[in-house]
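Working notes, beginning with the structure itself.
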Amino acid sequence: MTDTSTTAQGAQTIQLSQVCKSYGNYQVLKNIDAEVTRGEVVVICGPSGSGKSTLIRTINRLEEINSGSITLDGRNIHAQMRAKELNALRSRVGFVFQSFNLFPHLSVADNVSMSPIRVKGVKPDVAYDKALKLLDRVGLADKAQAYPGQLSGGQQQRVAIARALAMEPPVMLFDEPTSALDPEMVGEVLAVMKSLAAEGMTMLCVTHEMGFAREVADRIWFIDAGEIIETATPDEFFKNPKHPRAQRFLSDLRH
Ligand SMILES: Nc1ncnc2c1ncn2[C@@H]1O[C@H](COP(=O)(O)OP(=O)(O)O)[C@@H](O)[C@H]1O
Ligand SMILES: [Mg+2]
């Protein structure tokens, strides 16, 4: 993958400082301090409603924050900026949703090539060739002309990953990418995510796939009631979770 960032290996990529977010009177994120270094894979886990989706959505500004700051390679994501700058910034942070969100009226290849053409001004034939390569990479070279409705959920999610990668983002965010899939399709999506991690992509993944977390994550962030209450390596987290709520979460997950 082309490296469009100028940050050195190991340098900070994403920094969250004292991030607070409320919906009305309800505080969803409470003084979140965290950082993600370049090439790191972070798995965010925690109970339903704890703020996981809200947290990662603030990172490409799908959600606004009330206070604190979030920087990507030193740039303040929540600064005032023009729509064009915001689009440029968003294109540096790929986002994969639980619900795929493909455009149903566009072919798979057009779904993948659309943003590079529209947002980056890449020539259509160049973008199309690249889309075919990305589809090959996620195992869907033969589906380029198909429409999303003709694909299984696992295939659609792999297209969604290819679409995000088409913008060559230095960072990828995943919000429960396998939660809407039938069990037999989970593995094919996780395999694509694993290969991305192996290539050094910086990734934040909200997922309940603890096998993936154990195998692929560099760090786990455990979030509960809007706070990151434990960060640990997978080894530490699964063998010896420190916080009682993390212990309970893991024990519930196992039963
Ligand atoms: N747009 C919204 N308006 C009001 N409350 C919301 C909104 N989005 C999420 N919430 C609430 O914020 C809390 C955290 O939600 P979310 O970040 O989706 O949690 P998670 O992804 O961990 O399940 C939940 O209580 C949820 O009901
Ligand atoms: Mg969620």
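Among residues that are touching a residue at least 24 places away in the same chain (Cβ under 8 Å), among the aliphatic types (A, V, I, L, M), more than 24 Å from L72 (Cβ to Cβ) and exposed (fewer than 15 other Cβ atoms within 10 Å of the Cβ), L181 is not included.
Counting only strands (runs of 3 or more DSSP E) that fall entirely inside region 200-248 and contain at least 1 residues that are under 28 Å from R92 (Cα atoms) and of a type in the set (D, E, K, R), the qualifying elements are 219-224, 227-232.
One line per residue, one yes/no per condition, for (1) touching a strand residue (DSSP E or B) at 6+ places or on another chain (Cβ under 8 Å); (2) modelled with pLDDT of 95 or more; (3) surrounded by 20 or more Cβ atoms within 10 Å (Cβ to Cβ):
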| site | (1), (2), (3) |
| --- | --- |
| A160 | yes, yes, yes |
| L204 | yes, yes, yes |
| T231 | yes, yes, no |
| H243 | yes, yes, no |
| L253 | no, no, no |
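Being out of contact with any helix residue (DSSP H, G or I) (no Cβ under 6 Å at 6 or more places or on another chain) and of a type in the set (A, V, I, L, M, F, W, C) is not true of V192.
For R61, indicate whether it is part of a helix (DSSP H, G or I), of a type in the set (K, R) and within 16 Å of ligand 1 (Cβ to nearest atom). It is false that R61 is part of a helix (DSSP H, G or I), of a type in the set (K, R) and within 16 Å of ligand 1 (Cβ to nearest atom).
Here is the figure for region 155-183: residues that are farther than 13 Å from Q98 by Cβ, in contact with a helix residue (DSSP H, G or I) (Cβ under 7 Å, 6 or more places away or on another chain) and assigned to a loop (DSSP other than H, G, I, E, B) total 3. Checked against the criterion of being within 16 Å of ligand 2 (Cβ to nearest atom), more than 18 Å from the chain's Cα centre (by Cα) and free of Cβ contacts under 8 Å to residues at least 24 places away in the same chain, region 18-39 contains one or more residues that satisfy it.
The values are calculated or read from the model by the stated rules, or taken from the named source; none is laboratory data. Owing to the predicted nature of the structure, the values given are computational and were not obtained by experimental measurement. Reconstructed Cβ throughout: ideal geometry from the backbone, glycine too, with neighbour counts over all protein chains shown.
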